[in-house]
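The values are calculated or read from the model by the stated rules, or taken from the named source; none is laboratory data. Not measured: the values here are computed from a predicted model. Every residue, glycine among them, receives a Cβ derived from its backbone with ideal geometry; neighbour counts consider all protein chains shown. With ligands, DNA and RNA removed, areas are computed over all heavy atoms of the protein, side chains included. Shrake-Rupley method; radii C 1.70, N 1.55, O 1.52, S 1.80 Å.
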Amino acid sequence: MMFKRFWERLKTNYLRGSPLHRVGRTKTLVSAVVCLSFLSFIAFSYHFLNSSPVHRIANPPEPAITCRMNNLQKSMFTPKDHTSKERLHIGARVLVFVESQYSKAAKQITSSLQYARIDYKLENAGHNLPTLTHADKGRFAVIIFESLEAYVNMDNWNRQLLDKYCQDYKVGMIIFVHSADEYGIEKEKVPGLPLILRYNVAVKDYRLNAFTDIWRITKPGETVLDNIEEDDWVVFEYNHSTYEPLSYAKLAPPPYLNSRYIPDNSTVVCALLDRGTLDGIQRIFFGNDLSFWVHQMIFIDGISYLSHGKLSFPLERYILVDVDDIFVGITGTRMTADDVEALAKSQERLQKEVSNFHFNLGFSGWFYQHGTSLENAGDQKILEYRNKFWWFGHMWRHEQGHKFDQAKLETSMIKNYQFAKEHNIPVMHQYAVAPHHSGVYPVHEPLYQAWKNVWDIRVTSTEEYPRLYPSWKRRGFIHKGVMVLPRQTCGLFTKTLYIDTYPGGRKKLDDSIQGGELFKTFLYNPINIYMTHMGNYANDRLALYTFESVIKFVKCWTNLQLKQVTPLEMGIKYFEMYPEDKEPVWQDPCVYKRHMQIWSANKSCDRLPKFLVVGPQKTGTTALYKFLQIHPAILANYNSPDTFEEVQFFNGNNYHKGIDWYMEFFPVPGNATSDFLFEKSANYFDGELVPYRVHSLLPKAKIICILIDPAKRAYSWYQHMKARGDQIAGNYTFHEIITAPDSAPRKVRELRNRSLIPGIYVQHLQKWLEFFPSRQIFIIDGGRLKSNPVAVMHNVQRFLHIEPHYDYNDYLRFDPKKGFFCQVSSANKSECLGRGKGRHYPPMNETSVEFLEQFYRKNNVALSKLLSKHKYRIPDWLEKELSD
Ligand SMILES: Nc1ncnc2c1ncn2[C@@H]1O[C@H](COP(=O)(O)OS(=O)(=O)O)[C@@H](OP(=O)(O)O)[C@H]1O
């Protein structure tokens, strides 16, 4: 009826086309759109509410990877152990020469090294050589050249030095050879080596030489059929026994027209080992860059071989495939009993390739039996097979953790826990995954606490730390006793995907499996937790296709040993392998949209400081702290019960308490734009990790430090300790402390170090300048802070760009009794710092003065150079010191 009326009006208004009807037409058009939207909304809702499935004919693809190498002898596949019996005096580091660090080849090399977590130093070719040795030890285990030109065009002296280093320390080189730009040049001899390069060649049917000692991860025997994408290969020709081919290919028809090569099916050499019999240096040459995935394997094995196993990669790969939401999914896309059968069958097949393989199923109990009748039967089947799989708990209704407080989170988890009990689901591994990663990173403390309380969780995983991309930079960390492991994606994401409509085409998925992104996660990560979702185990079962294919491919091409252990064991292995990852580095959640989305709406980055007074200790930091607070737009942190006015977050154990703990020290600013929150912790200045940590959390923060004569600072520290009743300071004279040898008792050395080390200003300042530009760092001359704090406060305000500009003449007054400037409290009264600041003690004796003058001289000279370089004013005391 409604449709009929609507159609009549449409005919009247539009089909007649009279201008008189224009107004009516527009109205009708609008009502038509509204009406149609309404109808489609009803239809859409009806469809979902009635669980009427959107049926797509499932068309599950079959994994089609077959290994061809079965006819080769098994001994050829034994991975080589490159560790050398000789005790080689070389560091576990690589030196990379690049023509430009922004070139494609350079980026590929560095990202591959980063992915493999190989420490490297980047050097611009043509510049001076870096120091190659240190105390009789070679600093680098392998030298890499982005291009052959970078090596051959080195000035003679440097090249001789480098060659000699390689000969003396048995250090090998990896050299990438690129085609000459003009296609006219076809062949060229490498200067100084009996090696000829053939440029701009297209190759096909790439295979590896099985008879070489290089292969460790790489397993020879397979062939990459057809043309290899790049058409500018360099192939090698030689007539000397020092050379051993690493890989061959066939010439392919060149894609460019002006080439004179006629493809003749002849075999060419694409990667080459120079065994070093000519000049004592082993070299690996690549006839192309690392775009080609097989080259990445050769590269990793090449580094292992040339470094005599110093930089060998483990062969074990620990794999865990999480199916994140086994019952969650809209109807029509969920698993049926057949899909569950397929899952179990696939697991059986995978168990032949990956020892102890089990799909790890996550569940949110509320969604159980919420599908069509077929899907509900699927749910039942999963439970029937419950003991075949591993299990972990989600939230009861798949809630996002960061949105709830601890009580609500616990309620949800307890429901899920009870569901597991009622249905005999074996949840055994103290592992959980947060829906949407929410609450894991950025950390939502209540989630960690609730996990502990309800499930006694010890391990989780996320793809969000430190960031989602690039995926190869994902890392783990430990927080509140929970090991957070990095998580990999396999290209299927949360959506249900179908093979014939796979984004980018099926080839994209297959490329990722066959040498592409997914394959590389196996190649580079010893520990891999993959995220998948239920929808891709139903329908086209793309997850089964993906894992069976990639694992087969890995088995064909590599000697990697695929294993599964419990998440807890995985966590322990991960942090044994990468102990440096244990400590998280907190970042500002507000600078990254993805982090913002999974951070509690109750939290705000406005509660983070805009500037920090970082010390060092005993330079007048407390006076500055008090003076700053006089300004109405400057808000200091709340006092800490342990460390009084100092928060001391970035330097010690407090850092592990997380950023919620830190933010609690700051008021909510009335006006986030014009108010300036700050804190001062005087031991930040010389804290090893502090600049890095501050930069991660507060990249835009301004940094203020105060420098006084480091000798005076050392003495003031000693007097401070003595006044506080420190036993060592009481029993030893200042001179005894500062001259204490390394054989002195530990506590004496500790006091010596705390007295002397913060004063090596140049070292510490350099660290800050590595992370912050000089325009973000303000250096106060501590002498001036004492003698003319009004002028100093004027400059500080200008540096901070703070409004209103205060004239501190009205707020500070010299107090003759105290001997320092103090805060004006009334017409004739002032409020000075307590007895602990501005102490009276005898002057330093001459011998100590001389000792310290000597001790700091070199550093002070370096400091003045550093300050000049960054256009800082040289403090008066330093000027005087250096002119004496
Ligand atoms: N206005 C004012 N009032 C009091 N004291 C002042 C002032 N300006 C600078 N100073 C100098 O500050 C020194 C103490 O430095 P800190 O506050 O940085 O010490 S601490 O690290 O926080 O313990 C303190 O060192 P000592 O003289 O050794 O006590 C003072 O010399």
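Could you tell me which residue of the stretch 655-681 is farthest from Pro616 (Cα to Cα), considering only residues that are touching a Phe, Trp or Tyr at 6+ places or on another chain (Cβ under 9 Å) and among the aliphatic types (A, V, I, L, M)? Checked the stretch 655-681; the qualifying residue farthest from Pro616 (Cα to Cα) is Ile659.
Only residues that are away from the ligand (no atom under 15 Å from the Cβ), surrounded by 17 or more Cβ atoms within 10 Å (Cβ to Cβ) and more than 30 Å from Phe404 (Cβ to Cβ) were counted across the stretch 602-632, and they come to 3.
Once the stretch 638-656 is narrowed to residues that are within 14 Å of the ligand (Cβ to nearest atom) and of a type outside the set (D, E, K, R), the residue that is modelled with the lowest pLDDT is Thr643.
Scanning the stretch 149-169 for residues that are of a type in the set (Phe, Trp, Tyr) and open to solvent by 20 Å² or more (accessible area, probe 1.4 Å) yields Trp157, Tyr169. For the condition away from the ligand (no atom under 13 Å from the Cβ) and over 22 Å from the mean Cα position of the chain (by Cα), Glu664 qualifies.
Scanning the stretch 299-347 for residues that are of a type in the set (D, E, K, R), at pLDDT 95 or above and more than 23 Å from Met395 (Cβ to Cβ) gives Asp301, Glu316, Arg317, Asp338, Asp339, Glu341, Lys345.
Would you confirm, using the coordinates I've provided, whether Tyr718 is surrounded by fewer than 22 Cβ atoms within 10 Å (Cβ to Cβ), of a type in the set (Phe, Trp, Tyr), closer than 30 Å to Arg749 by Cβ and out of contact with any Cys (no Cβ under 8 Å at 6 or more places or on another chain)? Spell out the reasoning first.
Working: surrounded by fewer than 22 Cβ atoms within 10 Å (Cβ to Cβ): no; of a type in the set (Phe, Trp, Tyr): yes; closer than 30 Å to Arg749 by Cβ: yes; out of contact with any Cys (no Cβ under 8 Å at 6 or more places or on another chain): yes.
Taking the combined requirement at face value, the residue does not satisfy it.
Within the stretch 872-884, the set of residues being farther than 20 Å from Trp717 by Cβ and in a helix (DSSP H, G or I) comprises Asp876, Glu879, Lys880, Leu882, Ser883.
Evaluated against (1) away from the ligand (no atom under 16 Å from the Cβ); (2) open to solvent by 30 Å² or more (accessible area, probe 1.4 Å); (3) among the hydroxyl-bearing types (Ser, Thr, Tyr), Tyr574 falls short on exactly one condition, (2).
What residue, among those in the stretch 680-715 that are of a type in the set (D, E, K, R) and near the ligand (Cβ under 9 Å from one of its atoms), is most open to solvent (accessible area, probe 1.4 Å)? So, considering only residues that are of a type in the set (D, E, K, R) and near the ligand (Cβ under 9 Å from one of its atoms), the one most open to solvent (accessible area, probe 1.4 Å) is Lys712. When the stretch 124-151 is examined, which residues are found to be modelled with pLDDT of 95 or more and of a type in the set (Asp, Glu)? Within the stretch 124-151, just Glu146 meets the criteria. Looking only at residues in the stretch 170-192 that are in contact with a Ser or Thr (Cβ under 9 Å, 6 or more places away or on another chain) and not charged (D, E, K, R), the one that is most open to solvent (accessible area, probe 1.4 Å) is Tyr183. Here Thr733 qualifies as away from the ligand (no atom under 16 Å from the Cβ), free of Cβ contacts under 8 Å to residues at least 60 places away in the same chain and hydroxyl-bearing (Ser, Thr, Tyr).
Screening Gln617, Gln648, Gln629 for residues that are within 30 Å of Asn788 (Cβ to Cβ) and part of a helix (DSSP H, G or I) leaves exactly one candidate, Gln629.
Which is within 25 Å of Ile757 (Cα to Cα) and touching a residue at least 60 places away in the same chain (Cβ under 8 Å), of Ile704, Ile659, Ile634?
Values: Ile659 fails: within 25 Å of Ile757 (Cα to Cα); Ile634 fails: within 25 Å of Ile757 (Cα to Cα).
Only one candidate qualifies: Ile704.
Counting the residues of the stretch 807-828 that are of a type in the set (Phe, Trp, Tyr) and either in contact with an Asp or Glu (Cβ under 6 Å, 6 or more places away or on another chain) or open to solvent by less than 50 Å² (accessible area, probe 1.4 Å) (or both) gives 1.
Go through the stretch 101-134 and give me each residue that's aliphatic (A, V, I, L, M) and in a helix (DSSP H, G or I). Walk me through it before giving the result.
Pass one, the stretch 101-134, residues aliphatic (A, V, I, L, M): 105-106, 109, 113, 116, 118, 122, 125, 129, 132.
Listed by number, the residues that qualify are Ala105, Ala106, Ile109, Leu113.
Counting only strands (runs of 3 or more DSSP E) that fall entirely inside the stretch 772-871 and contain at least 3 residues that are at pLDDT 95 or above and within 15 Å of the ligand (Cβ to nearest atom), the qualifying elements are 777-781, 812-815, 820-826. One residue stands out in the stretch 193-222 among those that are open to solvent by 20 Å² or more (accessible area, probe 1.4 Å) and within 21 Å of Phe145 (Cβ to Cβ): the one that is nearest to the chain's Cα centre (by Cα), namely Arg198.
The residues on offer are Thr739, Thr673, and the sole one that is of a type in the set (S, T, N, Q), at pLDDT below 95 and more than 13 Å from the ligand (Cβ to nearest atom) is Thr673.
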